[in-house]
Structure formats: C-alpha cells, structure tokens
1. Return yes or no: is Glu86 farther than 28 Å from Val159 by Cα and at pLDDT below 95?
2. Among the residues of the stretch 138-148, is any loosely packed, with under 13 Cβ neighbours inside 10 Å and at pLDDT 95 or above?
3. So the check is Cβ under 6 Å with 6+ separation or different chains; which pairs have a first residue in the stretch 147-176 that's under 14 Å from Ile8 (Cβ atoms) and a second one that's basic (Lys, Arg)?
4. Can you tell me which residue among Val75, Val111, Val105, Val125 is modelled with pLDDT of 95 or more, among the β-branched types (Val, Ile, Thr), more than 17 Å from the chain's Cα centre (by Cα) and assigned to a strand (DSSP E or B)?
5. Can you name the residue in the stretch 16-50 that is under 14 Å from the mean Cα position of the chain (by Cα) and loosely packed, with under 14 Cβ neighbours inside 10 Å and, of all such residues, is modelled with the lowest pLDDT?
6. Considering only residues that are open to solvent by less than 70 Å² (accessible area, probe 1.4 Å) and either more than 20 Å from Asp143 (Cβ to Cβ) or out of contact with any strand residue (DSSP E or B) (no Cβ under 6 Å at 6 or more places or on another chain) (or both), which ones fall in the stretch 86-109?
7. What number of residues within the stretch 119-137 satisfy the criterion of being buried (at least 16 other Cβ atoms within 10 Å of the Cβ), closer than 25 Å to Arg30 by Cα and touching a residue at least 40 places away in the same chain (Cβ under 8 Å)?
8. One residue is enough: does the stretch 67-80 have a residue meeting the conditions in contact with a helix residue (DSSP H, G or I) (Cβ under 8 Å, 6 or more places away or on another chain) and more than 21 Å from Val21 (Cβ to Cβ)?
Amino acid sequence: MPVRPLVILPDPRLRLKSEPVDKITPELRRLAADMLDTMYDAPGVGLAAIQIGVPKRLVVMDTSKKAEEERRPVVLVNPEITWASEEKSTYEEGCLSIPEYYEAVERPTQVKFRYTDLDGKTVEVEAEGLLATVVQHELDHLDGVLFIDHLSRLKRERVTKKFAKAAKREQADADG
C-alpha cells in the first residue's frame with residue numbers, strides 16, 4: 001500500500017471535524033492499510049485519517065514501540081471515549097503533523113473507549129498508560145484538536161508561528 005503524504009501544521013485541514021464512517025467498504029480497508037504504512041514509515045504510534053487529508057472518523061494505532069516487538073496494528077472506525085478517569089498523568093507527546101516538536105501533556109490516566117473494527121464488530125477497551133494517551137491524542141484529531149491545544153497559549157502560539165514560517169519558506173522556495 002502506498003505511503004501517503006502527511007498534512008503538516010499550519011494546514012487548516014487539521015482543524016476539521018471528521019465525518020462518521022457509514023460502512024466498512026473495500027475502499028475503507030485500503031485507506032486503513034495506507035494509513036498503517038504511512039504511520040510505520042513516519043514512524044509513529046498513531047495516525048488519524050485527517051492527518052493524510054481524509055476527514056473520516058478513522059484511526060490506526062500500534063503501541064508496540066520497539067523494533068524487535070511484533071507489530072500489533074489496530075484500526076478504529078468511529079471511535080469514541082466512553083469514560084475517562086479523574087486522575088491525570090503527564091506524557092511527552094509528539095505528532096506526525098507537527099514534526100520534531102515534543103511537549104508534556106496532561107490527560108486522564110485511564111479511559112474506556114469503543115470503536116467498530118474492520119469486521120463490523122463493536123469493540124470496547126479499557127486503557128491506561130501509553131495506549132490511553134495515544135487514544136486520546138488520536139481521537140482529538142477527529143474533532144480538529146491538536147496536542148498543542150493542551151499547552152499554554154504562549155507555547156501554542158510559538159509552535160504555530162514556527163510552522164507557519166516554515167510553510168511560507170517552503171512555498172517561496174517552490175514558487176521561486
């Protein structure tokens with residue numbers, strides 16, 4: 001499957017609210033496979049469809065981080081968080097759409113979430129640790145929320161300006 005180009009900040013598509021998936025189709029399966037290949041190539045542990053420019057409620061994840069671990073890809077169709085703990089944890093997060101920028105983000109320590117798999121079955125999962133963080137991060141993407149939105153206004157503005165300048169430079173180089 002082809003590796004697709006990533007949508008990078010400040011692209012306004014990252015702020016779109018993704019549409020629900022109506023049904024599992026061969027095209028949706030191909031999209032999920034492309035997303036997994038794109039995520040592994042980047043490399044990352046999660047990817048929302050909007051990050052390759054497709055505003056659908058589709059997420060792929062694989063939290064088996066070490067290269068020697070067997071891959072454990074998961075495809076989430078129309079995922080939703082059904083419960084979040086009041087207890088919080090802080091993890092350093094990054095994002096394939098905001099390359100080479102990492103910051104500590106506080107989120108609920110545990111979540112329960114539900115999604116449809118590619119066989120059309122409803123799956124419910126309780127997650128904590130890295131999986132809970134990745135799920136929350138990726139589901140935020142489906143609603144046009146980036147991890148930098150959980151930071152102070154000053155940090156968010158600083159990183160947004162940095163990426164806007166880089167995009168302008170790239171455009172000037174392409175034009176000139």
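1. Details: farther than 28 Å from Val159 by Cα: yes; at pLDDT below 95: no.
The answer is no for Glu86.
2. Filtering the stretch 138-148 for residues loosely packed, with under 13 Cβ neighbours inside 10 Å gives none.
No, there is no match, as no residue in the stretch 138-148 is loosely packed, with under 13 Cβ neighbours inside 10 Å and at pLDDT 95 or above.
3. Ile148/Arg156
4. Working: Val75 fails: more than 17 Å from the chain's Cα centre (by Cα); Val111 fails: more than 17 Å from the chain's Cα centre (by Cα); Val105 fails: more than 17 Å from the chain's Cα centre (by Cα).
That would be Val125, the only listed residue that is modelled with pLDDT of 95 or more, among the β-branched types (Val, Ile, Thr), more than 17 Å from the chain's Cα centre (by Cα) and assigned to a strand (DSSP E or B).
5. For the stretch 16-50, the residue satisfying everything is Pro43.
6. To start, the set of residues in the stretch 86-109 that are open to solvent by less than 70 Å² (accessible area, probe 1.4 Å) comprises 89, 93-99, 101, 103-105, 107-109.
Scanning the stretch 86-109 gives Ser89, Cys95, Leu96, Ser97, Ile98, Pro99, Tyr101, Glu103, Ala104, Arg107, Thr109.
7. Restricting attention to the stretch 119-137, the residues satisfying the condition of being buried (at least 16 other Cβ atoms within 10 Å of the Cβ) are 125, 127, 131-137.
Filter again for closer than 25 Å to Arg30 by Cα, leaving 125, 131, 134-137.
Retained after the next criterion (residues that are touching a residue at least 40 places away in the same chain (Cβ under 8 Å)): 131, 134-137.
Counting residues in the stretch 119-137 that are buried (at least 16 other Cβ atoms within 10 Å of the Cβ), closer than 25 Å to Arg30 by Cα and touching a residue at least 40 places away in the same chain (Cβ under 8 Å) gives 5.
8. yes
The values are calculated or read from the model by the stated rules, or taken from the named source; none is laboratory data. Bear in mind that the values here come from a model prediction, so they are computed numbers and not experimental data. Note: ideal-geometry Cβ built from the backbone for every residue, glycine included; neighbour counts use all protein chains shown. Surface accessibility is based on the protein's heavy atoms, side chains included, excluding ligands, DNA and RNA. Shrake-Rupley method; radii C 1.70, N 1.55, O 1.52, S 1.80 Å.
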